[in-house]
Amino acid sequence: MPSYQLQVVGYVRSPYKQKFAIPRQPGLIAEAKAELVLEKGYDDDAMVRGIEAFSHLWLVFVFHETADKGWSPLVRPPRLGGNAKKGVFATRATFRPNPVGLSVVKLEGVLRRQGRLVLQLSGVDLLDGTPILDIKPYLPYADALPDASGGFADSAPETDMTVSFSEQADAFCQRQQQVPELRLLIEKVLKQDPRPQYKKQRSDTQSYGMTLYHFNIKWTVNGGHNHVTEISLQPDNSREPADAATEPDNTGD
């Protein structure tokens, strides 16, 4: 069978430092801001000439965290409760014959920082450090098809989860100035209910932790309610959360 060698054109800097808590599709959390830093050789201003005329972009990327885990012809989509099996080509699961994904993001701007060409993005569903293989403009007349059928994922996922913040967590969000929409970002992430499917059946109080940007967030889940107990700055010598989250379950719809 033929094989092809692909070049990485850039890497994403995103608030999601681990697969746990990443929304299952792009656009679900507009407050998730990120940057695509183009690699040398692809950071020529000529290569993005005219790109700001487009509001959204398609990013072709590599599932770099799961690429070495192989693939499966059948997967269990979380949207179906993790019980029903579907063909891998009928899902957006990460475990594919070629570990390649497709994500549509909003383009917020283009700038240069320290000599590097940077695309500012929002609404991302990409892990920090994700390699990007290609960038294409989103074309509404061709890419948004109102009569299309979405199969078992015909509408955006919704939950009845509620979110509250402790006094410390609320004060931290108000005090820090680096991420103005931090509180709203946390709230929207938790309303997506990022827990593994088998954890959602439990009725006891569960404790979790995650990292968004450089903040460690701890929270508890009891029934349909999330309570953010503590937020702190991440230690400079670690990119992992102070309290590790449960195993990731972000396999896409």
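The values are calculated or read from the model by the stated rules, or taken from the named source; none is laboratory data. Computed from a prediction, not measured in an experiment: that's the story for all the values here. Positions of Cβ are generated from backbone atoms using ideal geometry, with glycine treated the same way; all protein chains shown enter the neighbour counts. Note: areas computed on protein heavy atoms with side chains; ligands, DNA, RNA excluded. Shrake-Rupley method; radii C 1.70, N 1.55, O 1.52, S 1.80 Å.
Annotations
- Rounded to the nearest whole Hz, the Karplus-based 3J(HN,Hα) values (6.51 cos²θ - 1.76 cosθ + 1.60, θ = phi - 60°) of the range 137-154 follow the sequence x, 7, 10, x, 5, 9, 9, 9, 10, x, 9, 6, 9, x, x, 6, 10, 7, with x at glycine and proline.
- Cα pair distances in the range 16-60, grouped into 5 Å bins until the bin that holds the longest one, percent each: 4, 14, 21, 26, 14, 14, 7, 0
- For the range 1-78, the spread of Cα positions along each principal axis, largest first, Å: 42, 39, 21
- A cut-off of 5 Å between modelled amide H atoms, ignoring neighbours fewer than 5 places along the same chain, links Asn226 with Thr162, Val163, Ser164.
- Residue-normalised accessible area of the chain, given per residue in Å² at a 1.4 Å probe: 55
- Binning all Cα-Cα separations of the range 7-156 at 10 Å, short to long from zero, yields these whole-percent fractions: 10, 38, 36, 14, 2.
- Mean-square fluctuations from a GNM of the chain, with a 10 angstrom spring cutoff on Cα atoms, peak among Ser207, Ser149, Ser14 at Ser149.
- Förster-model FRET efficiency, 45 Å R0, Leu133 and Gln168, C-beta, rounded to 0.05: 0.60
- Three principal axis extents of the range 109-200 based on alpha-carbon atoms, in descending order, are 47, 45, 24 Å.
- Structure-based [θ]222 nm, the chain - -39500 (n - 2.57) summed over DSSP H runs of at least 4, per residue, nearest 500: -2500 deg cm²/dmol
- 5 angstrom amide H check on Ala34, placed H, neighbours 5+ away: Leu121, Ser122
- Rolled with a 1.4 Å probe across the full set of protein chains, the surface gives Thr229 an accessible area near 60 Å².
- Amide H contacts for Phe215 (H built 1.01 Å from N in the peptide plane; partners 5 or more residues away or on another chain; cut-off under 5 Å): Gln234.
- Vicinal HN-Hα couplings computed from phi for the range 81-95 (Karplus, 6.51 cos²θ - 1.76 cosθ + 1.60; Hz; Gly/Pro x): x, x, 10, 7, 9, 10, x, 4, 6, 9, 9, 10, 4, 6, 8
- Gaussian network model of the chain, Cα within-10 Å springs - most flexible of Asp128, Asp147, Asp44: Asp147
- Share of carbon and sulfur in the accessible heavy-atom surface of the chain [1.4 Å probe, %]: 50
- Lys136 accessible area, 1.4 Å probe, all protein chains in place, Å² to nearest 10: 90
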